[in-house]
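Here is the structure we will look at.
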Amino acid sequence: MAVKGAIVVDIEKCKGCSVCIANCPTNTIALSNEVNGKGFNFAIMANPDNCTGCTNCATVCPDAVITVYRVKI
Amino acid sequence: MDIKDIIKPENKVYGKTPLLTDAVMHYCPGCTHGVVHKIIAEVIEEMGIQDKTIGISPVGCAVLAYNYIDIDWEQSAHGRAPALATATKRLNPEKYVFTYQGDGDLASIGCGEVMHACNRGENIVIIFINNAIYGMTGGQMAPTTLLGQVTATTPYGRRADLNGYPMKITEIVAQLEGTCYVTRQSAQNPAAVRKAKKAIRKAFENSMMNKGTSFVEIVSTCNSGWKLTPVKANKWMEENMFPFYQLGDIKDR
């Protein structure tokens, strides 16, 4: 069964540490070119089609800024 | 399928636990403290013990832990968290009491307190964050600093003849009769985080069974102190810390 996922990042709380990027198995996440109010490049879904909603990124996120959604299709 | 169709409350599979407050953590980007705070909050939420848990925050980076996890907290003098936890647990045996200490707090100035609390077998949980450095004060050598590791006070690397050897507190504590569960975990990838969470949950459960002290060490990073990016710091930890500080349960009874 195929699954499709999506993440929502709390942009203002993200510190751009990139630990989620290193732990994303599907190469979905990247850092944005823009910066947030604190001057950090925050995490974004650069390849939204790849996301499977595996929750790896949110599990390792030190600031708990990632919310993961998943649907079966 | 459009992303808007996926992002709906009924499809949510993982998010911030309500036990973590909305305060932005003061920790550096990528700090392991954040992950461990999250694990503890999730364990407390899953066990449903929010109103029965008392945390003891240390001196060090985690001194402000009380801002982030929505439970009752006490803030101890430097290294004295196990002493405060002893009193708190003895006066409130129905509460879950845990200390949260770094290696500067627990292994250095608080070495005596932790040894005797563990030796008395107090029914508390001790969470020991070991990043082999004094993070808050600017990356000086700690008792747990590895041989050859460069810090602010050992610019040419730690030398055994000058600075002594790194201390394996967890192994020392495991030899004491009072401890029931002693383990060393890490939190650099999803598998490690899940294992660490299981260990912390077990430690919390032990504290209600009158078995003795549970001691959970989390091998951590200090990317600011180590002068590495968060991702490189995780890698450095895997390559250099894990061979010396070997992961796994050391004692479980």
**OP:** Would you confirm whether any residue within region B:7-15 is touching a residue at least 12 places away in the same chain (Cβ under 8 Å), of a type outside the set (Asp, Glu) and either facing chain A (nearest Cβ under 7 Å) or surrounded by 22 or more Cβ atoms within 10 Å (Cβ to Cβ) (or both)?
**Re:** no
Subject >> From the options B:Ala107, B:Ala174, residue that is surrounded by fewer than 24 Cβ atoms within 10 Å (Cβ to Cβ) and not acidic (Asp, Glu) >> reply: B:Ala174
Subject >> Which listed residue, of A:Val60, A:Val65, is within 25 Å of B:Ala41 (Cβ to Cβ), hydrophobic (A, V, I, L, M, F, W, C) and touching a Lys or Arg at 6+ places or on another chain (Cβ under 6 Å) >> reply: A:Val65
Original post:
Name the residues in region B:120-149 that are free of Cβ contacts under 8 Å to residues at least 24 places away in the same chain and either hydroxyl-bearing (Ser, Thr, Tyr) or surrounded by 15 or more Cβ atoms within 10 Å (Cβ to Cβ) (or both), would you?
Top reply: B:Gln140, B:Met141, B:Thr145
Original post:
Which condition number in (1) without any contact (Cβ under 8 Å) to a residue 24 or more places away in the chain; (2) away from chain A (no Cβ under 14 Å) is the one that B:Pro190 fails?
Top reply: (2)
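Given A:Ile29, A:Ile11, which one is closer than 19 Å to B:Val231 by Cα and of a type in the set (Val, Ile, Thr)? Give the steps one after another, and end with the answer.
Numbers: A:Ile11 fails: closer than 19 Å to B:Val231 by Cα.
The unique qualifying residue is A:Ile29.
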Original post:
Residue check: is B:Pro143 within 22 Å of B:Tyr66 (Cα to Cα) and part of a loop (DSSP other than H, G, I, E, B)?
Top reply: no
Subject >> Within region B:17-64, tally of residues that are touching a residue at least 12 places away in the same chain (Cβ under 8 Å), farther than 19 Å from B:Ser220 by Cα and facing chain A (nearest Cβ under 9 Å) >> reply: 2
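Where a number appears in this text, it was derived from the coordinates with a stated rule and is not lab data. Worth saying up front: this structure is predicted, and the values here are computed from it rather than measured. Here the Cβ is made from the backbone with ideal geometry for all residues, glycine too, and neighbour counts use every protein chain on show.
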